[in-house]
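Student: I'd like to ask some things about the structure below.
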Amino acid sequence: MDCREVQDQLIEFYEDQLDRRDAEQIRGHLEICSLCREELSSIEKVILGLKSQRLSDPGEVFWRDFPKKVRKAFYEGGRSIRVPILLRVREGFYRTTNWLPFSKPVNAAVSIAAMVLIVVGLLFFRAGWFWMGSRGIGEEALEGYFGGTEVIVSPFAPGSLDSLSLHQLNGISRELMGWLGGMGSLGEAILKGDGFLREEGVFNQLEGLNSTELDFVYDALKTRYLKTSTSLPIPNGLRGRILC
Amino acid sequence: MISDFDLLDRFEDGDQGALEEIVSKYQKPIFFFILRMVWDEADAADLSQKTFINALRNIGRFDRRSNLKTWLYRIAINVCKNHFRDDPRRREVNIEGMVFADQKNPLDHIISEEERIGLSLALNHLPEKQRHTVILKVYQDLKYREIAAVTGCSEGTAKANFHFGVKKLREILTD
């Protein structure tokens with residue numbers, strides 16, 4: 001056996017998984033080869049190093065309650081709810097459906113405030129959506145809503161990319177979602193991200209932009225409003241026109 | 001000792017206690033397996049719950065010729081994949097402070113604290129299949145046959161994945 005053959009089998013040798021004959025041959029080689037002995041020693045170091053790592057245990061309370069939580073979630077169709085970091089209680093760090101009743105007054109206050117904010121946010125969202133819908137689709141509605149000139153990417157406002165800023169986009173995501181929702185097939189395509197924009201006919205609606213720029217706009221919309229990741233760099237032509 | 005299949009029969013007959021018994025039996029290996037993938041205790045707890053619920057909701061698809069443990073690991077891997085797919089930033093983990101030396105391990109002196117953290121980071125950056133294989137072999141003590149069933153490859157491929165995974169870790173450690 002040469003060194004290469006031996007080294008190919010060292011892990012199995014270390015794990016005692018070779019048949020007796022092969023193991024004997026490797027043992028014999030190791031007696032005369034310091035290089036392979038070193039190789040074996042480093043493999044041993046990795047495996048023992050990995051094995052010696054211990055993770056913190058969540059504790060008895062966790063293990064006792066976890067099956068009950070799963071049963072409850074399973075039979076009640078419940079979903080796990082991520083509780084904000086402020087509500088984390090070290091001892092029972094996992095937070096699932098049973099975070100009521102509150103264990104501490106401060107938790108209760110924070111939770112109630114969060115719920116109120118969510119409800120208000122939802123009501124506001126609905127109102128905004130309805131408002132956008134009532135004003136019609138496109139530039140007119142957007143101009144009315146944003147006070148005139150600051151129109152975001154819109155097929156109905158060619159050239160308006162001059163005013164596009166990702167910070168602005170970030171601040172008005174809710175409104176833009178409402179706008180997209182009211183835009184008919186194009187808006188639906190953006191929301192679904194199904195590539196509809198790539199069709200020639202739709203490209204033509206975004207006058208003045210080439211396909212690279214359109215790809216970027218499309219990706220920026222997806223990133224900001226659909227919470228997906230973007231991989232496209234900002235096209236050179238757009239760089240001067242977009243404040244990032 | 002009650003077999004997994006007996007527990008599953010009882011579960012399918014609507015015995016809620018059987019569900020708890022199944023979870024109790026496998027909660028630790030599944031939780032720690034997921035924890036080594038996501039490096040966040042809260043996420044590991046949520047994803048473990050999701051793993052059991054997904055497994056039990058789809059128990060009709062479970063082929064009883066295989067074993068429940070490998071079926072659960074397989075679902076855990078998918079749950080973790082979805083977790084990272086939903087937000088790729090979750091891959092940026094902070095391992096320091098989560099890995100401790102096992103005081104009971106007499107061989108602990110062979111590796112320094114720095115090397116221990118380095119190994120965990122390196123493990124985290126191995127290609128997916130190699131990472132799964134190394135974790136399942138070293139920490140979950142699965143046999144290659146079982147790892148092959150979990151990762152959906154042949155036993156030979158599972159061996160090769162472990163081999164290459166350990167080799168890469170060794171190279172990183174010796175660099």
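The values are calculated or read from the model by the stated rules, or taken from the named source; none is laboratory data. Quick caveat, the model's predicted, so the values are computed rather than measured. Positions of Cβ are backbone-derived with ideal geometry, glycine not excepted, and every protein chain shown enters the neighbour counts.
Student: Return yes or no: is B:N124 modelled with pLDDT under 70, polar (S, T, N, Q), in the same structural domain as B:A158 (by TED's automatic domain parsing) and under 26 Å from B:H163 (Cα atoms)?
Tutor: Judged against the criteria, B:N124 is not a match.
Yes or no, residue by residue, for (1) surrounded by 12 or more Cβ atoms within 10 Å (Cβ to Cβ); (2) under 32 Å from the mean Cα position of the chain (by Cα); (3) of a type outside the set (S, T, N, Q):
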site	(1), (2), (3)
A:F13	yes, no, yes
A:I26	yes, no, yes
A:I32	no, no, yes
A:F74	yes, yes, yes
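Student: Can you name the residue in the range B:149-172 that is of a type in the set (A, V, I, L, M) and over 16 Å from B:A76 (Cβ atoms) and, of all such residues, is farthest from the chain's Cα centre (by Cα)? Spell out how you get there, then give the answer.
Tutor: Applying the first criterion (of a type in the set (A, V, I, L, M)) to the range B:149-172 yields B:149-150, B:158, B:160, B:166, B:169, B:172.
Those left that are additionally over 16 Å from B:A76 (Cβ atoms): B:158, B:160, B:166, B:169, B:172.
Numbers: B:A158: 15, B:A160: 18, B:V166: 17, B:L169: 18, B:I172: 22 Å.
That would be B:I172.
Student: Taking into account only those residues within the range A:52-72 that are at the interface with chain B (Cβ under 7 Å from one of its Cβ atoms) and out of contact with any Asp or Glu (no Cβ under 8 Å at 6 or more places or on another chain), which is surrounded by the most Cβ atoms within 10 Å (Cβ to Cβ)?
Tutor: A:F66
Student: Continuing with the same structure: Working only within the range B:40-79, note down all residues that are hydroxyl-bearing (S, T, Y) and either within 9 Å of chain A (Cβ to nearest Cβ) or buried (at least 17 other Cβ atoms within 10 Å of the Cβ) (or both).
Tutor: Answer for the range B:40-79, where residues must be hydroxyl-bearing (S, T, Y) and either within 9 Å of chain A (Cβ to nearest Cβ) or buried (at least 17 other Cβ atoms within 10 Å of the Cβ) (or both): B:S48, B:T51, B:T70, B:Y73.
Student: Among the residues of the range B:36-54, is there at least one that is in contact with a His (Cβ under 9 Å, 6 or more places away or on another chain) and in contact (Cβ under 8 Å) with a residue 60 or more places away in the chain?
Tutor: Looking for residues that are in contact with a His (Cβ under 9 Å, 6 or more places away or on another chain) and in contact (Cβ under 8 Å) with a residue 60 or more places away in the chain, one finds at least one in the range B:36-54, hence yes.
Student: Among the numbered criteria (1) assigned to a helix (DSSP H, G or I); (2) at pLDDT 65 or above, which single criterion is violated by A:P58?
Tutor: A:P58 satisfies every listed condition except (1).
Student: Still on this structure, please answer the following. Only one residue in B:N105, B:N82 is in the same structural domain as B:E21 (by TED's automatic domain parsing) and either modelled with pLDDT under 85 or exposed (fewer than 14 other Cβ atoms within 10 Å of the Cβ) (or both), so which one is that? Show your work before the answer.
Tutor: Values: B:N105 fails: in the same structural domain as B:E21 (by TED's automatic domain parsing).
None of the other options fit; the residue is B:N82.
Student: Return a yes/no flag: does the range B:4-12 have any residue that is within 16 Å of B:R57 (Cβ to Cβ) and out of contact with any Leu (no Cβ under 9 Å at 6 or more places or on another chain).
Tutor: So far as the range B:4-12 goes, yes, one or more of its residues are within 16 Å of B:R57 (Cβ to Cβ) and out of contact with any Leu (no Cβ under 9 Å at 6 or more places or on another chain).
Student: Hey, any hits in the range B:140-158 for a residue that's of a type in the set (D, E, K, R), in contact (Cβ under 8 Å) with a residue 40 or more places away in the chain and within 12 Å of another protein chain (Cβ to nearest Cβ)?
Tutor: So far as the range B:140-158 goes, no, none of its residues is of a type in the set (D, E, K, R), in contact (Cβ under 8 Å) with a residue 40 or more places away in the chain and within 12 Å of another protein chain (Cβ to nearest Cβ).
For every residue, the table says whether it meets (1) buried (at least 21 other Cβ atoms within 10 Å of the Cβ); (2) more than 7 Å from chain A (Cβ to nearest Cβ).
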residue: B:I2; (1), (2): no, yes
residue: B:E12; (1), (2): no, yes
residue: B:A18; (1), (2): no, yes
residue: B:S24; (1), (2): no, no
residue: B:I34; (1), (2): yes, yes
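Student: Please list, ordered by first then second residue, the pairs with beta carbon atoms under 8 Å, 6 or more apart or interchain, first in the range B:161-175 and in contact (Cβ under 8 Å) with a residue 12 or more places away in the chain and at the interface with chain A (Cβ under 9 Å from one of its Cβ atoms), second part of a helix (DSSP H, G or I) and among the basic types (K, R).
Tutor: Every condition considered, the pairs that remain are B:F162/B:K137; B:L173/A:K45.
Student: Within the range A:25-33, is even one residue away from chain B (no Cβ under 12 Å), farther than 23 Å from B:F32 by Cβ and touching a Lys or Arg at 6+ places or on another chain (Cβ under 6 Å)?
Tutor: Yes: one or more hits.
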